[in-house]
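> Please find one structure pasted underneath; my questions will follow.
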Amino acid sequence: MEIVLIERVSAAARLDRLPITSFHRKMMWLLGFVFFFELADLNTFSFAAPAIRVDWHLSISTIGFITSATFVGMFIGSTTGGWFSDWVGRKRALIFTTIWYAAFSLLNAFVWGPAALFLARLLTGIGLSAMTVVGITYISEMFPATRLGAYQGWILMIALFGIPATGYVARFCIPVAGWGWRLVFIWGSLGILFPLFASRLEESPRWYENHRRLEEADAILDRIEKSAGNEIGFLPPVPSSVQKASRSLGYSELVSPAYLPRTVVLVFMWICQTLGFYGFASWVPTLLAEHGFSIVHSLAWSSAIWLGAIPGGAIAALISDRWERKWLIPVVALLSAFCGLMYGLTFQTVTIIIFGFLVAMSHHILSALLFAYTPECYPTEIRNSGAGLTYGVGRLANVFGPLLVAFLFTRYGYTSVFAYIAACWVLVAVTVGGFGPRTKGKMLV
């Protein structure tokens, strides 16, 4: 049963009427830092794998097995991270999960065998995915709905520098010595510095409001509004709003008649997106090396390819709020599929880099759109749980993705891997375009 509290304007209404100020820009840079090292850390094994394979004399199948460990961890992290954030708060959860993934990334640098590396990647994956779920929910609750997609894109653009940066770290560290790949994991652990700056962030007032801690929610809102007023001199009027204090809802609500259809759509969307993206991202350096290119060249070209992720984030920021995301997602997914297929059909260095660059660019437009779209599909009471479950099931599905890539490459060759990746992105387009809900400009409540 809902309790309706009259004469109180909701946190959603007060936050959504604010213009973008230095408060939002400060959040953008701090969250960009966290996501920078999250993406750096997520890609450390991809860039280190060719050297690890040589150093430890591992097969392609063993590399696939270790890669899958990250995604087992990411499923655990995404499902438990949402619950943890709902319990302790968005800000505390963001700090804890960042420390977790950074600390275990550091552990990766000191393991001495495949079994230990499997365990280290699993534990790292828990923190990576938990932080992502908490982070995207925090962004969705702190930025105005009309600018949410844009700032999701700008944060992602900052973060995406982490992928080519990690590639270039690998390119210059790995040739130093047989153990040079260990330095790549040390680089990925630098997100552990985040708590030094975390005091500059506010807790989500929507989280306080949902936990009936209304005085604390209002205190944060007052500080934000005072800062905005001092900066711009005038704030738009708050629209009339009634605050609803709803009962806390659990995972069962995600499969209730009201939300089951969108939960199914989002789960399938994330499964296909994850299989497609990590089929590409996790394997490019290894497959290039296996295809006959030297480790140094494969790392150099992989790093150049991932520079495409940066304009992808910028483009997403510019277009995300301009049109309905339900229609933008299919268009960009089909572009990713085309470029991915062309990448697999070419064997010339220049065309490999061009189509690889376009895959990285188009996919990271897609990622920004999906990260903005997913939390918009649920109300506050189940937003973190919904985002965590759907994102997490996608990660769980990719436990089998690396093994499938290894099988396709071994049995059918290099091109078959990229035909499979393209098919995954086509399914994303069909799923969201055909069955996804519209979300443009709707207030997150």
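> Between GLN348 and ALA115, what is the label-point separation in nm under the 7 Å Cα-to-beta-carbon projection?
It works out to 5.0 nm between the two label points.
> Hey, which aspartates and glutamates would be in cross-link range of LYS326, C-alpha to C-alpha under 13 Å, not counting anything within fewer than 8 residues on its own chain?
Correct list for LYS326: GLU376.
> Have a look at SER252, SER140, SER204 and tell me which one the Gaussian network model of the chain (Cα, springs below 10 Å) gives the largest fluctuation.
SER252
> What residue among GLY64, GLY82, GLY113 shows peak mean-square fluctuation when the chain is described by a Gaussian network model with Cα springs under 10 Å?
Maximum fluctuation in the GNM of the chain, among the listed residues, is at GLY113.
> Determine the shape class of region 380-432: with a ≥ b ≥ c the square roots of the Cα gyration tensor eigenvalues, call it rounded for a/c under 1.5, and otherwise prolate if a/b is greater than b/c, oblate otherwise.
Oblate is the answer for region 380-432, as a/c is 1.5 or above yet b/c matches or exceeds a/b.
> Nothing charged except the Cβ atoms of Lys and Arg (+1) and of Asp and Glu (-1): what's the magnitude of the dipole of the chain about its Cα centre? Round to the nearest 20 debye.
With Lys and Arg at +1 and Asp and Glu at -1, about 240 debye.
> Debye calculation, C-alpha points only, no solvent: report log10 I(q)/I(0) for region 320-445 at q = 0.15, 0.18 Å⁻¹, in the same order as the q values.
Result of the Debye calculation: -0.78, -1.03.
> Across the chain, what fraction of all alpha-carbon pairs, as a whole percent, falls in each successive 20 Å bin from zero upward?
Result returned by the calculation: 27, 57, 15, 1.
> Nothing charged except the Cβ atoms of Lys and Arg (+1) and of Asp and Glu (-1): what's the magnitude of the dipole of region 176-239 about its Cα centre? Round to the nearest 20 debye.
400 debye
> Compare the peptides 186-195, 258-267, 147-156 by average per-residue count of other Cβ atoms within 10 angstrom and give them in order, highest first.
The densest-packed peptide leads the list: 147-156, 186-195, 258-267.
> Which number do you get for Rg(Cα) / (2.2 N^0.38 Å) in region 42-97?
Taking the Cα Rg and dividing by 2.2 N^0.38 Å, one obtains 1.54.
> Counting only helical runs of four or more DSSP H residues, what would the 222 nm mean residue ellipticity of the chain come to if each run contributes -39,500 (n - 2.57) and the total is spread over all its residues?
-24500 deg cm²/dmol
> To continue, here is another question. Report relative contact order for region 316-417 in percent, whole number only (criteria: Cα-Cα under 8 Å, sequence separation at least 6).
Answer for region 316-417 is 27 percent.
> Given labels modelled 7 Å from the Cα in the Cβ direction, how far is it in nm from VAL9 to TRP323?
Placing both labels 7 Å along Cα→Cβ, they lie 3.5 nm apart.
> Which whole-number value in Å² is the accessible area per residue of the chain, probe 1.4 Å?
37 Å²
> If you don't mind, there's one more thing I want to ask. If we count every other residue with Cβ under 13 angstrom of THR263's Cβ, Lys/Arg +1 and Asp/Glu -1, where does the sum land?
With Lys, Arg at +1 and Asp, Glu at -1, the neighbours total +1.
> Can I ask one more? In what sequence, highest mean first, do 321-328, 397-404, 43-50, 309-316 appear when ranked by Cβ atoms within 10 angstrom?
In decreasing order of mean packing, 321-328, 397-404, 43-50, 309-316 become 43-50, 309-316, 397-404, 321-328.
> Right, something else. Which of LEU119, LEU408, GLY162 sits closest to the plus end of the dipole of the chain, meaning its Cα is farthest towards the positive end, when Lys and Arg get +1 and Asp and Glu get -1 on the C-beta?
LEU408
> Can you give the charge dipole size of region 343-445 about its Cα centre, rounded to the nearest 20 debye, using +1 on the beta carbon of Lys and Arg and -1 on the beta carbon of Asp and Glu?
Dipole magnitude for region 343-445 comes out near 100 debye.
> Within the chain, which whole H helices from DSSP have a Cα span along their axis of at least 20 Å and a mean Kyte-Doolittle hydropathy of -0.5 or more, if any?
The qualifying helices are 22-42, 60-88, 90-108, 114-142, 214-232, 260-281, 325-345, 349-376, 380-397, 414-435.
> Still on this structure, please answer the following. Across every pair of different alpha-carbon atoms, what Kirkwood hydrodynamic radius in Å does region 3-138 reach?
Taking every pair of different Cα atoms in region 3-138, averaging 1/r and inverting gives 16.7 Å.
> If you average the sequence gap of Cα pairs under 8 Å that are 6 or more apart and divide by the length of the chain, what percent do you get for the contact order?
28 percent
> Taking springs between alpha-carbon atoms closer than 10 angstrom, which of LEU107, LEU345, LEU254 fluctuates most in the Gaussian network model of the chain?
The residue with the greatest mean-square fluctuation here is LEU345.
> How big is the equivalent ellipsoid of region 89-154 along its three axes, where each semi-axis is √(5λ) from the Cα gyration tensor, reported in whole Å from largest to smallest?
They are 31, 11, 8 Å, listed largest first.
> Give the carbon-plus-sulfur fraction of the accessible surface of the chain in %, rounded to a whole number; probe 1.4 Å, heavy atoms of protein chains only.
The C+S portion of the solvent-accessible surface of the chain is 70 percent.
The values are calculated or read from the model by the stated rules, or taken from the named source; none is laboratory data. Fair warning: this is a prediction, and the values are worked out from it, not measured in the lab. Heads up, the Cβs are rebuilt from the backbone with ideal geometry, glycines too, and the neighbour counts pull from every protein chain shown. When the accessible area is computed, the model is the full protein with side chains, heavy atoms only, and any ligands, DNA or RNA have been set aside. Shrake-Rupley method; radii C 1.70, N 1.55, O 1.52, S 1.80 Å.
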